[in-house]
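The values are calculated or read from the model by the stated rules, or taken from the named source; none is laboratory data. Owing to the predicted nature of the structure, the values given are computational and were not obtained by experimental measurement. With ideal geometry, Cβ positions are generated from the backbone for all residues, glycine too; neighbour counts draw on all protein chains shown. Accessible surface is based on the protein model in full, side chains and every heavy atom, while ligands, DNA and RNA are left aside. Shrake-Rupley method; radii C 1.70, N 1.55, O 1.52, S 1.80 Å.
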Amino acid sequence: MSVTDHDLDRLLAAATPITNREVAALQLDSAEEALRDAIMRAGDATAKRPQWTSRARRERPRRLRSVIVASSLVGLAAAGTTIGVFRLGSGAQPAWAAEAIRVANEAPRLLLASDWRLADANEFTGPEGEVQFKRGRQEVSLNWRRGTDYAVYVADRARSSHWRRAITVLGRPASLFRYDDPTGRPTDDYTVLWRVGDHTLELRSIASSPAAFEALLGSLHEVDVDTWLSAMPENVVKPSGRAAAITAMLADIPIPPGVDVEALKTRTQIKDRYQLGAEVTGAVACAWLDRWLVAVHGGDTPAREAAETALAGSRRWAILLEMQAPGDWPEVLWGYADVATGAAAPPKGMTRVEYVAQTSTDGLGCG
Amino acid sequence: MSPEADDRARRRFEDLFAANRRAVLGYALRRVAEPADAADVVAETFLTAWRRIGEVPGGDASRLWLFGVARRVVANQRRGDLRRDRLADRLRAEVRTAVPVPPPGGIGADVAAALSRLPDDDREILALHAWEGLAPAEIATVLALPAATTRTRLHRARTRMRAELAALGITTNTTAPAAPPATSGQATREER
């Protein structure tokens, strides 16, 4: 039996352990009402709490792997890193772009010992973010979230850890946990939670012992904006560098009318290069796919051919070729381009137009 | 809390419960070994929601928030941290008899076997998409991932699932769009 993406989704849906219809038909109303009433009697509801960003805790790594890293950056090996797009002017004291300073001011700025380099950073703003540090094969993640319920996070970590210790991190009370494996035995996976102002911070790493993990924590230190911004890895596109990075990404990409390049450039979210590339190429590809759909419906052959030519050319867009190694985004985009141009067949039972129109929102974020 | 605020909180929770109880129950039933365990997942999920009712987002986002909580509760259950709360006693007892037992064998068994061989993250993304019917942007909210990352992970999960099905004798269509690339095997950038 052949299984395309579309067929695969249908196969999975048909294999569900229980359908929504079967769930809806279960005779459980009374028991559910009893549960609801018991919950309201048992729990304390508070109408006002700080907004909790429902960021699920990552699955525990099965090997040494960085988890989430917050706004603290190590200025260690980054001392030799040129972050030209982030600096304005020259001289011993660089002037950072205003947006970069704003983000740096809003986020806690912590670094580890000098032999830890900031290796990776996902999307983050001042109030929330993650970064990863590396030292050889060792990894540390640190994340920060503003306005979250610290006690909820502590309770959540405690559910997966029988070993817990109250410590201090940078002079602040903190909760250190050692995760258990499924049998309840302690692992070498540690995490610590503490608060800085209205941020909840969490640092997680594999360590040979509690003492080794606490030694790692002992190297944490707060730094100034300049040091923090200087420590960003090269793959992170800072707000002030965003416009230039986007200009470079689009250099070999035909841009159809309707793509607001200036709006793309002025967003201030800090992203790594892969995420930014996905955002930019997604915006352009979606615009070409829209033009292709309109042209096909309207019988406009020149417009259809122009869109197909642009989409076929996506196989040569430099940013997509660069993104191939770190992730699958290019394959997803080329999949849609191939169907639109006729280089690949749509799933069985769908026309090319139906496939593009009905699935590009899910696949590429179009619309 | 003032009586008025308490009333608002109670109404909000009652509405939330009514609108989402079966969605959360369905989510749990599809992921736990025993139907009774699903009752505990529902209880703990909604207990969390009641205690943090002020944080629960409005509209459709509330269901995604609940799925995010339920996901962590299920994960804790799998680690052996099973909470048998008395709150769920009655629901637990009734779910045991109310939930139908699926027939053995068939394509469902093959798919289940293939799914069980996938990494947890891939399995969950496929399940949220195919069983809960969530779009990648919604899955991104439940898993707290960037939307672009979720889309590429869905693509990767489909590729791996196709490979597992092939290993079980269900072939893949090599002419399908977005033909699966070779697995890089890289340990880094795994979140892509």
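Here are a few things to note about the model shown:
- All positions within the stretch A:15-43 that are over 30 Å from B:A9 (Cα atoms) and within 7 Å of chain B (Cβ to nearest Cβ): A:A15, A:T16, A:P17, A:I18, A:E22
- Scanning the stretch A:301-324 for residues that are within 14 Å of chain B (Cβ to nearest Cβ) and surrounded by fewer than 16 Cβ atoms within 10 Å (Cβ to Cβ) yields A:R315, A:L321, A:E322, A:Q324.
- Tally, over the stretch A:325-340, of residues that are facing chain B (nearest Cβ under 8 Å) and either outside any helix (DSSP H, G or I) or within 12 Å of A:G363 (Cβ to Cβ) (or both): 11
- On the stretch given as the stretch A:242-268, residues that are under 20 Å from the mean Cα position of the chain (by Cα) and open to solvent by 70 Å² or more (accessible area, probe 1.4 Å) total 2.
Here's the yes/no breakdown for (1) modelled with pLDDT of 90 or more; (2) open to solvent by 40 Å² or more (accessible area, probe 1.4 Å); (3) among the charged types (D, E, K, R):
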| residue | (1), (2), (3) |
| --- | --- |
| B:R96 | no, yes, yes |
| B:V101 | no, yes, no |
| B:D120 | no, yes, yes |
| B:H129 | yes, no, no |
| B:T150 | no, no, no |
| B:R153 | no, no, yes |
| B:G185 | no, yes, no |
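- B:N76 fulfils the conditions (1) modelled with pLDDT of 85 or more; (2) under 15 Å from the mean Cα position of the chain (by Cα); (3) not aromatic (F, W, Y) except for a single criterion, (1).
- Of the helices (runs of 4 or more DSSP H) lying entirely inside the stretch A:236-304, the ones with 3 or more residues being at pLDDT 90 or above are found at A:239-249, A:273-298.
- Criterion violated by B:L87 - all others in (1) open to solvent by 30 Å² or more (accessible area, probe 1.4 Å); (2) more than 9 Å from chain A (Cβ to nearest Cβ); (3) modelled with pLDDT of 80 or more satisfied: (2)
- In the stretch B:131-144, of all residues being within 16 Å of A:L364 (Cβ to Cβ) and more than 8 Å from chain A (Cβ to nearest Cβ), the one that is surrounded by the most Cβ atoms within 10 Å (Cβ to Cβ) corresponds to B:I139.
- Residues in the stretch A:324-361 that are within 16 Å of A:V284 (Cα to Cα), touching a Lys or Arg at 6+ places or on another chain (Cβ under 8 Å) and of a type outside the set (V, I, T): A:W329, A:W334, A:A337, A:A340.
- Applying the set (1) closer than 23 Å to A:A15 by Cβ; (2) facing another protein chain (nearest Cβ under 8 Å); (3) touching a residue at least 12 places away in the same chain (Cβ under 8 Å); (4) surrounded by fewer than 23 Cβ atoms within 10 Å (Cβ to Cβ) to B:L29 leaves exactly one unmet item: (4).
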